Amino acid sequence: MPLVTWFKRHLVVIAGLLTLAYLLLPNVIVTVFSFNKPKGRFNYQWQQFSTDAWKDPCGVADMCGSLSISLQIAVWATVGATVLGTMIAFALVRYRFRARGAINSLIFLPMAMPEVVMAASLLTLFLNMGAQLGFMTILIAHIMFCLSFVVTAVKARVMSMDPRLEEAARDLYAGPVQTFLRVTLPIAAPGIAAGALLSFALSFDDFIITNFNAGSTVTFPMFVWGSAQRGTPVQINVIGTAMFLVAVLFVLVSMFITNRRNSQKA
């Protein structure tokens, strides 16, 4: 009975820990196998510990080149989607205009549409326009599907803003630009940052839409897919582990800054 009582009291904590372990397990496996030295072409079975892949992460031909392309596309897609999405979110929340409801509904269309349908539609559009498939067509496609996520994140933040704060700034003789930079933008910043981070992750990780519209351009997900057909180099695990560690470091730094600000306010 005491054991059953203890289990009932800690059921939520146990469920949370198990869920967290389930989510982190693939990352742990990728990290462990980044130190593997496989005997064959495939890095699917543990053979022996080695740091050779970490010493030469670009040892596989064209891998770092495809990684560079993916990072460039992700950065530019994040910038484009964040700027456009932020402006659209403010317009949808702050202004009343014709077809506002229809636009609100259409914004969610890329999120609800299957990727393969969107990829085929974009490919048809680019071919009919006579566009050369490559870096720019990938970038345009990524900005398009990232836009919905940015609008959703920023719109939720803007809707929760207290308009009296901006009114108070104007009462204190702050101009429109100063009010936006000193009051509106800092309040909306968490939503904008969330949309930007989500856009970067979605753009860097995308395969289906990219594969349809890439032409001869090879991004990192396409390189990984192609490598899986003939062999998986350990360096793929190294890059995956490095990206995971960077993301964890970013989260820890954000938490540290937030806690420090909260302690200073207190």
So ASP205 and ARG260, fully extended at 0.36 nm per residue minus their Cα-Cα distance, gain in nm 16.6 nm
Set the Förster distance to 25 Å, then compute FRET efficiency between ASP52 and ALA242 from the Cβ-Cβ distance, nearest 0.05. 0.95
Say R0 is 41 Å: what FRET efficiency, to the nearest 0.05, do VAL93 and PHE7 get from their beta-carbon distance? 0.35
Note down the relative contact order for the chain as a percent, whole number, built from C-alpha pairs under 8 angstrom at least six residues apart. 32
Where only alpha carbons of segment 129-266 are counted, the Rg and the Dmax (Å): 20.7, 67
Can you compute the equivalent ellipsoid semi-axes for segment 45-203, i.e. the square root of 5 times each eigenvalue of the Cα gyration tensor, sorted largest first and rounded to whole Å? 38, 23, 14
So for the chain, using the alpha carbon gyration tensor with a ≥ b ≥ c as root eigenvalues (a/c under 1.5 gives rounded; past that, a/b versus b/c decides prolate or oblate), I'd call it oblate
If the label point is 7 Å along Cα→Cβ of ALA168, which residues in segment 183-206 have backbone nitrogen under 17 Å from it? 183-188
Rounded to the nearest 20 Debye, what is the dipole magnitude of the chain about its Cα centre when Lys and Arg each give +1 and Asp and Glu each give -1 at the C-beta? 680
Segments 201-214, 154-167, 245-258 sorted - mean Cβ within 10 Å per residue, highest first: 201-214, 154-167, 245-258
P(r), alpha carbons of segment 2-51 - 10 Å bins starting at zero, rounded %: 23, 28, 20, 17, 11, 0
Roughly how far apart, in whole Å, are the Cα centres of segment 203-225 and segment 108-186? 23
Provide, as a two-decimal number, the C-alpha radius of gyration of segment 186-258 over 2.2 N^0.38 Å, N being how many residues it has. 1.41
Over the chain, the sum of -39500 (n - 2.57) across DSSP H runs of at least four, divided by residue number and rounded to 500 deg cm²/dmol, gives at 222 nm -24500 deg cm²/dmol
Just to be sure I understand the rule: take each whole DSSP H helix in the chain, project its Cα atoms onto its long axis, keep it if the span is 24 Å or more and its mean Kyte-Doolittle hydropathy is at least -0.5. Which ones pass? 11-33, 63-94, 135-159, 185-205, 234-265
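Any read-out appearing in this document is the output of simple, stated calculations on the displayed coordinates, not a laboratory observation. Every value quoted in this text rests on a predicted model; they were computed, and no experiment measured them. Cβ sites come from the backbone with ideal geometry, for glycine too, and all protein chains shown count toward neighbours.
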